[in-house]
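Asker: Can you keep this structure in mind? I'll have questions shortly.
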């Protein structure tokens with residue numbers, strides 16, 4: 001196919017085809033105004049690729065289609081559905097549910113991975129071109145999957161090629177594609193060449209007039225070349241001001257006007273039923289008094305063609321011109337007849353809704369059923385649209401308010417936070433029944449927890465709301481929200497916080513197990529002395545039924561255990577969340593829990609386990625647009641890297657954290673990042689800087705309580721021991737409300753460093769006794785290091801060697817090089833001659849990427865590739881590629897050798 005005026009763009013895309021043939025896949029978005037030649041360009045590229053051995057998979061968007069979601073994805077993957085058994089179980093189920101099977105809907109990440117897995121299977125048999133035409137009209141659920149895939153094509157021989165208009169009404173998806181190829185109008189020379197090819201009989205003056213009027217638009221050039229009104233006479237100033245799309249539509253309408261009246265009506269049926277089969281279009285036409293022969297003149301004119309069981313217009317602008325030019329009564333009659341014959345229930349409801357010109361409760365109720373049904377399949381964007389259309393058709397104000405609240409919740413689940421906020425504002429004055437009021441409050445609360453720009457109820461408003469509710473569960477849940485809000489935002493006055501506590505303590509407020517649990521979470525978060533129930537009791541309540549809002553409540557339950565200094569209990573809560581949300585395919589909630597568990601593990605100095613959690617959370621946060629979660633994960637990664645002395649990696653993680661946090665980071669994120677910076681400063685013998693960073697961490701007590709354990713060492717070295725007193729007072733008070741061996745070790749260690757020579761020994765010995773009751777091996781080793789340094793200075797050389805040797809063993813085992821070097825220097829100063837060490841298997845984490853290490857560890861534990869894929873949100877072929885790389889780096893060639901090769905890697 002000859003493409004005039006697009007040689008650079010064709011060569012750019014052809015080069016991407018060749019790169020894909022060699023295994024270097026990519027993605028490209030071709031964009032431009034209507035008629036600019038997007039389809040012609042990509043068709044030429046795809047034809048060339050196909051003739052050279054590429055398999056082609058394709059789908060296309062249709063104006064007004066996409067009622068149920070994932071239609072485009074089904075069209076794209078239809079040739080590959082016979083390979084579904086190659087997917088991991090969760091991914092196969094996600095795709096089945098998306099295509100209409102019964103089951104729990106999955107986050108789009110899992111559905112996207114399933115699509116990616118099928119493309120990998122196809123690409124394993126040969127290079128592949130994936131063509132997505134009219135991305136701007138594709139159903140939004142599929143469009144999201146396409147952009148997900150666009151960022152992942154580099155690992156296989158696939159070129160994903162899409163076209164999209166640049167109109168402002170459509171979302172700009174170009175940033176997600178590796179390459180963006182914008183098409184501009186043709187220059188005069190190319191425009192004249194195109195006219196010569198399509199209309200050789202035109203005179204040169206006619207050609208120049210046409211070039212002037214078409215403004216370099218290839219479709220205008222070819223369409224208008226056969227119309228005397230466009231190639232003769234003076235140009236119309238008024239017509240020149242009309243947008244090109246509208247001018248083209250008008251020219252198509254001029255052609256349509258030449259057809260018989262019955263054919264014009266037949267074209268309207270086809271335009272309204274672009275999502276319908278030719279059989280359905282013909283059946284609707286018959287019901288309107290038309291017959292198949294009425295389509296023939298339009299086919300002869302080349303305006304429409306029957307292809308693949310559907311009617312296709314010569315250009316989408318033909319269909320939009322026909323539909324938009326029809327009066328509302330004609331469109332209503334056509335949609336009514338299409339609704340009567342369309343087989344798919346979702347599309348039939350959409351046609352019935354399009355036929356309605358006023359309020360219609362029956363159709364509104366059908367749209368509500370549709371919204372619920374497609375929401376169950378995970379097509380949440382389309383569900384929100386169905387709810388909104390249902391609202392528009394609902395006559396009763398009370399019912400309209402209820403549906404508006406449900407539309408807001410569907411929009412929230414779809415990630416359209418601005419739409420959700422606007423819908424809440426619309427529903428606010430009218431929602432008066434208790435169920436709607438409570439759903440309104442839940443949606444508002446969950447939005448406010450992730451988006452700081454939306455309205456946020458004060459504590460007094462939440463208290464007032466709780467008093468209006470008759471359901472005891474709802475009442476105590478709203479009061480718990482108030483406590484959570486106070487804890488996370490720190491923006492309630494002491495009076496409001498006391499009022500929340502009084503309400504939560506009111507007799508009879510908490511009767512059931514769930515109510516008592518929520519009460520204890522709330523009281524714990526606002527500083528009550530009440531002890532929370534055991535981990536087992538708490539989890540048993542949530543695991544019976546996980547509600548939409550329970551993710552945040554579970555997070556706060558984990559925070560409550562952290563605030564009680566029970567890191568082990570908090571880790572168990574986070575782990576239970578990860579398992580719970582993984583089973584129910586709530587990937588976003590699982591990602592939050594991974595970051596939470598990683599934070600606790602880092603605080604407990606389980607570096608390898610914490611690093612694995614945070615690396616996975618960071619990766620998923622990019623896929624799910626969870627910037628705050630990603631920032632927390634990156635800050636924790638910096639902590640681990642700093643402890644290990646990997647300063648380049650730690651610095652990179654802190655830079656990622658800053659990018660994700662923006663100019664105003666959450667206090668928790670800033671505190672963790674400052675803690676990491678303090679460790680880096682300590683490694684580089686900059687105690688003054690370490691003190692500054694640690695004091696910043698302490699400004700956020702939940703993190704600062706633990707970060708302050710490093711303050712005394714840095715402060716004494718910097719000559720500023722007085723700065724430790726505030727932290728020591730905070731930590732001592734915390735021990736009164738909840739005894740913790742780990743925290744007690746840090747407090748006694750700080751007291752030892754600040755004590756006079758005569759008192760230091762007793763504090764160090766108490767610190768070590770408390771530390772030996774914990775699994776905080778690194779903090780205990782650091783305590784032994786500090787005690788050993790003190791003992792050497794006090795000339796208790798032999799005793800010092802014992803503690804220093806024990807500390808060095810732990811530091812080397814966990815690959816915390818800066819502390820190992822510091823300890824080795826002290827041992828040398830104490831006169832210890834270290835024996836030659838038996839060479840150990842190298843630490844796999846120093847040669848494998850974080851993801852390769854995680855995959856290798858799971859494979860070494862006996863997990864299959866598909867099980868690993870499900871657990872880590874990868875395709876099974878990606879898992880295989882990671883294992884292949886890991887084998888090469890570890891110098892092994894069998895799965896059975898992994899356990900031995902990983903033996904030296906700390907857990």
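The values are calculated or read from the model by the stated rules, or taken from the named source; none is laboratory data. Keep in mind that what you see is a predicted model, and the values were worked out from it rather than measured. Ideal geometry is used to build each Cβ from the backbone, glycine not excepted, and the neighbour counts take in all protein chains shown.
Asker: (1) closer than 20 Å to residue 851 by Cα; (2) buried (at least 21 other Cβ atoms within 10 Å of the Cβ): which one isn't true of residue 604, the others all being true?
Answerer: Only one criterion in (1) closer than 20 Å to residue 851 by Cα; (2) buried (at least 21 other Cβ atoms within 10 Å of the Cβ) is unmet by residue 604, namely (1).
Asker: Okay, moving on. Within the range 709-738, track down each residue that is surrounded by fewer than 20 Cβ atoms within 10 Å (Cβ to Cβ) and in contact (Cβ under 8 Å) with a residue 40 or more places away in the chain.
Answerer: If we filter the range 709-738 for residues that are surrounded by fewer than 20 Cβ atoms within 10 Å (Cβ to Cβ), which is where we start, we get 716-723, 725-726, 728-730, 732-738.
Listed by number, the residues that qualify are 734, 735, 737, 738.
Asker: Sticking with this structure for a sec: Would it be correct to say that residue 872 is modelled with pLDDT under 90, surrounded by 21 or more Cβ atoms within 10 Å (Cβ to Cβ), closer than 30 Å to residue 892 by Cβ and not assigned by TED's automatic domain parsing to the domain that holds residue 758? Steps first, answer last, please.
Answerer: Details: modelled with pLDDT under 90: yes; surrounded by 21 or more Cβ atoms within 10 Å (Cβ to Cβ): no; closer than 30 Å to residue 892 by Cβ: yes; not assigned by TED's automatic domain parsing to the domain that holds residue 758: yes.
Answer is no for this residue.
Asker: I'm checking my understanding of the structure. Among residues of the range 297-309 that are in a helix (DSSP H, G or I) and in contact with a helix residue (DSSP H, G or I) (Cβ under 8 Å, 6 or more places away or on another chain), which one is surrounded by the fewest Cβ atoms within 10 Å (Cβ to Cβ)?
Answerer: Ranking the candidates gives 297 first.
Asker: For residue 175, only one of the following conditions fails: (1) surrounded by 22 or more Cβ atoms within 10 Å (Cβ to Cβ); (2) assigned by TED's automatic domain parsing to the domain that holds residue 20; (3) part of a helix (DSSP H, G or I). What is its number?
Answerer: Failing condition for residue 175: (1).
Asker: Hey, another quick one. Would you be able to tell me the number of residues in the range 884-900 that are part of a helix (DSSP H, G or I) and surrounded by fewer than 20 Cβ atoms within 10 Å (Cβ to Cβ)?
Answerer: 10
Asker: Of the conditions (1) modelled with pLDDT under 85; (2) outside any loop (DSSP other than H, G, I, E, B), residue 835 fails just one. Which one is it?
Answerer: (2)
Asker: Something else now. On the basis of being modelled with pLDDT under 85, more than 27 Å from residue 733 (Cβ to Cβ) and surrounded by fewer than 15 Cβ atoms within 10 Å (Cβ to Cβ), does residue 455 make the cut?
Answerer: Yes; evaluated as a whole, the condition is true for this residue.
Asker: Just need a number here: residues in the range 30-52 that are touching a strand residue (DSSP E or B) at 6+ places or on another chain (Cβ under 7 Å) and farther than 17 Å from residue 215 by Cβ. I'd like the intermediate steps shown before the answer.
Answerer: If we filter the range 30-52 for residues that are touching a strand residue (DSSP E or B) at 6+ places or on another chain (Cβ under 7 Å), which is where we start, we get 30-34, 38-39, 41-42, 45-46, 49-50.
Among the residues that remain, those that are also farther than 17 Å from residue 215 by Cβ are: 30-31, 39, 41-42, 45-46, 49-50.
Residues that pass the stated criteria total 9.
Asker: With respect to residue 62, determine if the residue is in a loop (DSSP other than H, G, I, E, B) and either touching a residue at least 24 places away in the same chain (Cβ under 8 Å) or surrounded by 18 or more Cβ atoms within 10 Å (Cβ to Cβ) (or both).
Answerer: Yes.
Asker: Hey, does the range 198-219 have a residue that's closer than 30 Å to residue 274 by Cα, assigned to a helix (DSSP H, G or I), under 41 Å from the mean Cα position of the chain (by Cα) and in the same structural domain as residue 55 (by TED's automatic domain parsing)?
Answerer: The answer is no; no qualifying residue exists.
Asker: Does the range 587-627 hold any residues that are touching a helix residue (DSSP H, G or I) at 6+ places or on another chain (Cβ under 7 Å), under 19 Å from residue 415 (Cα atoms) and in contact (Cβ under 8 Å) with a residue 60 or more places away in the chain, and which are they?
Answerer: 587, 588, 620, 623, 624
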